[in-house]
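What follows is a set of notes on a single structure, which appears directly below.
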Amino acid sequence: MGKKGKKEKKVKGAEKTAAKMEKKVSKRSKREEEDLEALIAEFQTLDAKKTQVVETSCPPPSARLNASFSAHPEKDELIMFGGEYFNGKKTYLYNDLFFYNIKKNSWVKSEIPNPPPPRCSHQAVVVPQGGGQLWVFGGEFASPNGEQFYHYKDLWVLHLATHTWENIKAPGGPSGRSGHRMVLSKRQLLVFGGFHESTRDFIYYNDVYSFSLDTFSWSRLAPSGSAPCPRSACQMTSTPDGTGVIIYGGYSKVRVKKDVEKGAIHSDMFLLRRDGKDGQEKWLWSRLNPSGNKPPPRSGFSLAVGPAGRAVLFGGVCDEEEEETLEGDFFNDVFLYDTVKNRWFSGLLRGTKTEKKKQRRGRKGGAGDKEEERSKEEEAGPQGPTEVIKEVVTEDGTVMTIKEVIPGPQEEEEEEEEEEEEEEDGKMTPTHINLIGFGRTETNFQFCWAGSASAPMVEPCPRSSAMATVRQGKLFLYGGMFEVGDRQFTLSDFYCLDLHKMDQWEVLVEMDPKTQEWLEESESEEDEEDEAGGAQGEEEEDSEEEEGDEEEEHPTVQDGETVTDYQDRTEQYWIGLARANMGPDARDKKVAKVALAMAQVFYEDR
């Protein structure tokens, strides 16, 4: 009794501490979020002007990460919503909606009136009822300078049959957050974890909420047992029988000193199981110890559910933090988790049948043929690996160097023997090549290739925060990001992998390094521009407001005008509009930042 009482007291104490921290973070972040609410309201005002559904054939979506990517429950279509992009200077948030037709390999942009406001790191779940529905919860919005954050706690449903958005007003749901996970379990949407962050504080969650698709109501679950520690960006997979969910991994931060934070990557696994009849359910946490080949620790991995209820994990990053530096090792490997057997498998590519037959025919040659080949090789002298180097210059002058190491004949023969042995075990190891530097920066980043040197099969480059989904046994992977030094590269490439064959990646959209944009600006330059903008705003406010009053609509975009030119030309108009939304007490710098973002959104939606 004594031990039990101490344990219960400890749990209650932890809950009180978490509640206090949440209240503290909420209070401090409320002021920041009020500034962004005006900007979000303006976005919604612009979206409200759209009264009809407009569908347009379009190229693939722009480079982005942390969007949602879902498979249509009835059609051979994929659905992408939202996401973010950072070019080194500005953060862009999206609320655009795309449909990808798998058979036609084509994209359609669907503009539907009154959509959710722009966001990233939200969660979306597709359910088959009513002709198909896409449910979206939470996520975050960042100011253009990436210094302020707004965390959503809203719930939306996209009715796929009628192409209409609906905002579901249901009390008692989770607090505002991003990086959480949401899955369908029977007739419930289960939400776990996530985080909420302000300029100075942060909090990670391990609470569980359920939304009933029958009653349209939220309830907070109170599972017994030992729960996972608070975290975001974990794997969350429903069990095949619908009795629960499995949690793997995730990421969280802890404050080790007053102004020092340290990230923690989790690699533990838990089962949240439902017992009892509907309406009298009890939930229980238990720890899992899976067998097989478990993924090395990482965060930012992509997750989808494949055939037979197997969870598919791709890529991610393992950050190595020191006091003043942060470096990451990025991955592009695939792991499969069997929810029935509680076992991990490496998703190694087997290669195509044609390549295997060529290899086997080569091995079937007589001993004399092999001896003749070896004698010729000996006469020619030892042949080691060959390096093939290719350089691509981006628009801003950055040089990206790709280095492929092609093994010599002896190494190829050894690899073939190894492959032959591995084929007997039902697996095959791909060949790796090293990449790479960008400009003068060198890194351990890799492109991986499989097959022979004469016909290489390219795999997705290592990355984190890519979008992944499975349809008809095929894994589809879009975008994401990787870092080289202080520079972030956001991707827009698109791949497909047949999970039944596991032979090779199919490239649907190639990565184009020349399209990468990266802008750098010193802090002193930013401060000078902010001060100059504020002073200019005070001097020219009256004259520009008069010009704005003459126009019933926002200033139009001129032919050939870039977004920067448009922002510079119409700056004072948008400052006046932002001031009207934010009130006379808002600081000039904040008004200027909101105005800049409003002009950007109008330019993109013109």
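The values are calculated or read from the model by the stated rules, or taken from the named source; none is laboratory data. Fair warning: this is a prediction, and the values are worked out from it, not measured in the lab. Virtual Cβ from ideal backbone geometry, glycine too; neighbours counted across all protein chains shown. The area values use the complete protein model at the heavy-atom level, side chains included, leaving out ligands, DNA and RNA. Shrake-Rupley method; radii C 1.70, N 1.55, O 1.52, S 1.80 Å.
Structure values in brief
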{"read-out": "Packing-based ranking, highest mean first, of 241-248, 495-502 given that Cβ atoms within 10 Å are counted", "value": "241-248, 495-502"}
{"read-out": "Solvent-accessible ranking of 559, 503, largest area first, probe 1.4 Å", "value": "559, 503"}
{"read-out": "Simple spin-label estimate for residue 275 and residue 186 in nanometres, 7 Å along Cα-Cβ", "value": "1.5 nm"}
{"read-out": "Residue 341-residue 216 FRET efficiency (beta carbon distance; Förster radius 35 Å; 0.05 resolution)", "value": "0.45"}
{"read-out": "Residue 56/residue 329 FRET efficiency (R0 56 Å; Cβ-Cβ; nearest 0.05)", "value": "0.90"}
{"read-out": "Kirkwood Rh and Cα Rg combined as Rg/Rh, segment 122-258", "value": "0.98"}
{"read-out": "Length released on extending from residue 519 to residue 587, taking residue separation times 0.36 nm less the Cα-Cα span", "value": "21.9 nm"}
{"read-out": "1.4 Å probe accessible area per residue over segment 209-263, in Å²", "value": "46 Å²"}
{"read-out": "Separation of alpha-carbon centers, segment 226-269 and segment 172-201, rounded to whole Å", "value": "12 Å"}
{"read-out": "Cβ-Cβ FRET estimate between residue 506 and residue 293, R0 fixed at 25 Å, reported to 0.05", "value": "0.50"}
{"read-out": "Nonlocal amide H pairs with residue 225, under 5 Å, H built at 1.01 Å", "value": "285"}
{"read-out": "Using θ = phi - 60° and Karplus 6.51 cos²θ - 1.76 cosθ + 1.60, couplings along segment 148-160 (whole Hz; Gly, Pro as x)", "value": "10, 9, 10, 9, 7, 10, 8, 10, 10, 9, 9, 7, 5"}
